[in-house]
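Every read-out reported here was derived from the displayed coordinates using simple, explicitly stated rules and does not represent laboratory data. Remember, it's a predicted structure, so these values are computed and weren't measured experimentally. Cβ placement follows ideal geometry from the backbone for every residue including glycine, while neighbour counts extend to all protein chains displayed.
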Amino acid sequence: MKSYPMKKKRTNYDRFGKAGLSGGGGGVDPFDLFSAMFGGGGFGGGGRRGPQRTKDMVTPMKVKLEDIYNGKTKKMRITRNILCTTCKGTGSKDGKGSSKCAGCEGQGVKVMLRQFGPGMFQQIRTVCPDCEGKGEMVADGSKCKDCNGKKTSVEKKK
């Protein structure tokens, strides 16, 4: 029975890596895919709470090494898209929001059949020209006057 502890060590190493050899087994169940992909919580959700953040913005800027050492500051102008403050991101002035596009039935793409010979058809998928691939539209009469139904507006900051 001398091989049993070695077999157990091997299994722990295979499952948890080096942390499995030092005891404790690594603390994370490698078979819990939901916690590995979504930050914990299993089926119940879990993960990060709070307002959704945008991706970090990277803007290249030429500076001298001397200015970095001396702590010089520079001002720059940044332009980014934010949710429209007038309609709060709904796209409509009455606050109802958007409805499913009738042209593509909410898919964002239109599928067309084209016959190019007797008994020969070609299926073509194109971006819906009505909703521009979004799958939803705001009625012309109820579009927000600031964002024109696009749900976002441009913000310029210094």
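Volume of the convex hull of the range 54-148 (Cα atoms only), normalised per residue: 184 Å³.
Just to verify a number: FRET efficiency for residue 116 and residue 140, C-beta to C-beta distance, R0 = 41 Å, to 0.05? Efficiency, rounded to the nearest 0.05: 0.70.
Can you tell me the FRET efficiency between residue 152 and residue 105 if r is taken as the Cβ-Cβ distance and R0 is 22 Å, rounded to the nearest 0.05?
Numbers: r = 24 Å, r/R0 = 1.11.
Step by step, r from the Cβ atoms, then E = 0.35.
Once the chain from residue 68 to residue 10 is taken as fully extended at 0.36 nm per residue, the excess over their C-alpha distance is 15.8 nm.
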